[in-house]
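Before any comments, here is the structure.
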Amino acid sequence: MDFIDDWPWTNIFKKCEKMKSPMAVQNIISSSEKMQKVVSLCKRRGFIYPSSEVYGGLNSCYDYGPLGYELKNNLKQNWMNWMTREHESIEPLDTSILMHPKIWEASGHVANFTDPLVDCKTCKARFRADQLDTAACGQRPSKHPNECGGELTEPRLFNLMFKTFMGPVEEGSSVVYLRPETAQGIYVNFLNVMTTSRQKLPFGIAQIGKAFRNEITPGNFTFRTREFEQMEMQYFVKPGTDMESFEYWKERRMQWHYSIGLTKERLRYHQHSAKELAHYAKAAFDIQYEFPFGWQEIEGIHHRSDFDLKQHEQFSGKKLQVFDEASKSSFVPYIIETSVGCDRVLLTLLVDAYDEEASTGGGAEEEGPRVVLRFAPHLAPMKIAILPLMKKEGLPERADKIYQALKKRYRIYYDESGSIGKRYRRADEAGVPFALTVDMEPGSVTIRQRDSMKQDRVSETELESYFEKAFQL
Ligand code: GAP
């Protein structure tokens with residue numbers, strides 16, 4: 001069993017427990033270590049915890065806390081709404097994780113979804129044979145596995161799919177797999193969806209769901225894990241229109257990444273060379289983000305041709321074709337796929353939003369630099385912080401009245417303990433875009449904007465229209 005005790009984030013998490021303020025983070029971690037700061041913030045503020053923590057954790061498995069849950073939920077809703085409401089030709093779908101095992105034979109995953117592995121005979125560590133140049137020796141981390149003197153075994157192919165058994169008997173005939181991608185559930189349902197929703201080509205199917213891969217080298221926090229969620233859309237097109245559609249979705253998906261607030265300069269395309277192409281792909285582009293650990297893929301746009309549907313026709317014996325009125329003949333559509341990791345984009349949002357600034361104000365100078373998560377307001381886990389200035393003089397009652405009215409529409413962060421400066425800081429760290437303070441001025445409140453720290457005085461009767469406008473921007 002692969003526990004987390006020896007992995008770098010554990011120490012950071014442990015240190016976080018002792019931390020009371022961002023200053024403590026500053027003392028432990030140097031300013032260049034942005035990734036570590038993000039990880040510690042995630043634990044401290046309840047975005048992401050290590051899974052099974054009381055048992056020492058389980059390598060590469062994570063749990064989303066209250067803020068992480070809200071952020072993920074907003075992200076998933078945003079993606080699905082963008083897909084299905086901005087594109088009327090796209091239908092939603094939710095298929096099961098366990099599917100007929102033949103699906104994975106047909107898709108090529110049983111034969112091809114493998115990584116070449118080598119074992120070190122000295123330290124017993126296991127490495128991907130194609131990534132030795134970036135791996136560190138288990139005993140001498142400054143050396144690569146092939147340079148440390150340890151003898152490596154010949155490469156062996158290791159299938160990344162998790163296997164389990166369906167029913168009470170654990171034998172070959174009852175083996176099923178946890179899906180390694182959500183796409184196949186869409187392919188085997190494409191005729192069902194097309195018929196029941198009365199769509200015609202070109203049309204798409206969008207799905208969000210868990211996928212599982214027994215990755216050899218998970219890492220970089222939630223960047224590469226063994227259990228993760230994908231947000232995939234498969235667009236079915238007539239052969240001949242495929243390249244146009246591929247270009248369209250490639251451009252469109254980049255626009256989505258801009259729309260969720262990611263820094264444009266940190267996004268780029270990477271075109272797959274013939275060597276990099278997956279077994280199903282005719283052409284592919286990645287959208288990459290520049291993480292503190294380098295440029296990395298966050299989404300793939302794949303031209304899958306008719307590979308998958310033809311394979312399923314062959315393995316199932318069923319026709320997966322569309323009738324063309326013009327030519328009075330049937331054909332297998334081509335598929336353009338957009339596939340983005342939900343957990344990976346969530347990590348990207350956290351890294352991109354994380355900021356520290358020396359400027360202070362609001363009475364929290366003793367807390368050191370201001371740590372702020374600059375999420376786009378429409379994705380922020382909590383939308384408005386409500387802060388009664390004091391716990392007396394009727395202020396909590398007024399604040400509660402405002403809370404009761406606003407909570408119907410917005411996720412509210414209510415905080416009445418500590419100095420107002422400290423409370424602003426806590427709200428900034430949680431990425432709350434607006435902090436509303438109820439003070440002694442009757443009938444109005446102040447609203448502080450997270451990013452500029454600019455304050456507006458707003459009449460209590462105008463709060464709903466103020467926020468309506470603020471969240472539309
Ligand atoms: N259906 C196509 C497909 O699955 P992929 O490039 O293997 O393509 C698509 O995966 C996306 O899923 C990636 O761009 C990434 O965002 C996410 N992803 C893949 N493996 C992951 C892992 N082990 N952990 C987290 N996210 C992962």
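The values are calculated or read from the model by the stated rules, or taken from the named source; none is laboratory data. Note that the coordinates shown come from a computational prediction; the quantities given were computed from them, not determined experimentally. Please note: Cβ atoms are built from the backbone with ideal geometry, for glycine as well, and neighbour counts cover all protein chains shown. SASA here: full protein model, heavy atoms, side chains in, ligands and nucleic acids out. Shrake-Rupley method; radii C 1.70, N 1.55, O 1.52, S 1.80 Å.
Here is how the numbers come out for the structure above:
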{"item": "Karplus (6.51, -1.76, 1.60) ³J(HN,Hα), θ = phi - 60°, over segment 163-178, in Hz, Gly and Pro reported as x", "result": "9, 8, 10, 9, x, x, 9, 8, 9, x, 6, 9, 5, 10, 10, 7"}
{"item": "Other-chain or far-sequence residues with amide H under 5 Å of A211's (modelled H)", "result": "F228, E229, Q230"}
{"item": "Relative packing of 425-431, 459-465, 287-293, which averages over residues the other C-beta atoms within 10 Å, highest first", "result": "425-431, 287-293, 459-465"}
{"item": "Debye, to nearest 20: dipole size of the chain, +1 on Lys, Arg Cβ, -1 on Asp, Glu Cβ", "result": "460"}
{"item": "Global form of segment 367-470, assessed from the alpha-carbon gyration tensor, a/c cut-off 1.5", "result": "oblate"}
{"item": "Fraction of accessible area attributable to carbon and sulfur, the chain (%, probe 1.4 Å)", "result": "50"}
{"item": "Packing-based order for 222-230, 335-343, 104-112, using average beta carbon neighbours within 10 Å, highest first", "result": "335-343, 222-230, 104-112"}
{"item": "Long-range HN-HN contacts of Y413 with modeled amide H, under 5 Å", "result": "K383, I384, A385, I386"}
{"item": "Relative contact order computed over segment 367-470 (Cα-Cα under 8 Å; 6+ residues apart), in percent", "result": "31"}
{"item": "Which of T446, P377, I420, positive extreme of dipole for segment 367-470 (C-beta unit charges)", "result": "P377"}
{"item": "Long-range amide H partners of K143 with built H, under 5 Å", "result": "C137"}
{"item": "Å² per residue, accessible surface of the chain at 1.4 Å", "result": "48"}
{"item": "Accessible surface, 1.4 Å probe, highest first, among residues D400, D439", "result": "D400, D439"}
{"item": "Relative contact order of the chain, defined on C-alpha pairs under 8 angstrom at six or more residues apart (%)", "result": "12"}
{"item": "Table column - 3J(HN,Hα) (Hz), segment 120-136, Karplus curve with 6.51, -1.76, 1.60, x for Gly and Pro", "result": "8, 6, 8, 8, 6, 6, 10, 9, 6, 4, 8, 10, 5, 5, 10, 8, 10"}
{"item": "Shape category assigned to the chain from the gyration tensor of Cα positions, a/c cut at 1.5", "result": "oblate"}
{"item": "Calculated from backbone phi, Karplus (6.51, -1.76, 1.60) coupling profile of segment 204-212 in Hz, x at Gly/Pro", "result": "x, 10, 10, 9, 10, x, 6, 9, 9"}
{"item": "Cα lying deepest toward the dipole's positive end in the chain, options A278, F315, N74, charges on Cβ", "result": "N74"}
{"item": "Computed magnitude of the charge dipole of segment 367-470 (debye, nearest 20; Cβ of K, R +1, Cβ of D, E -1)", "result": "320"}
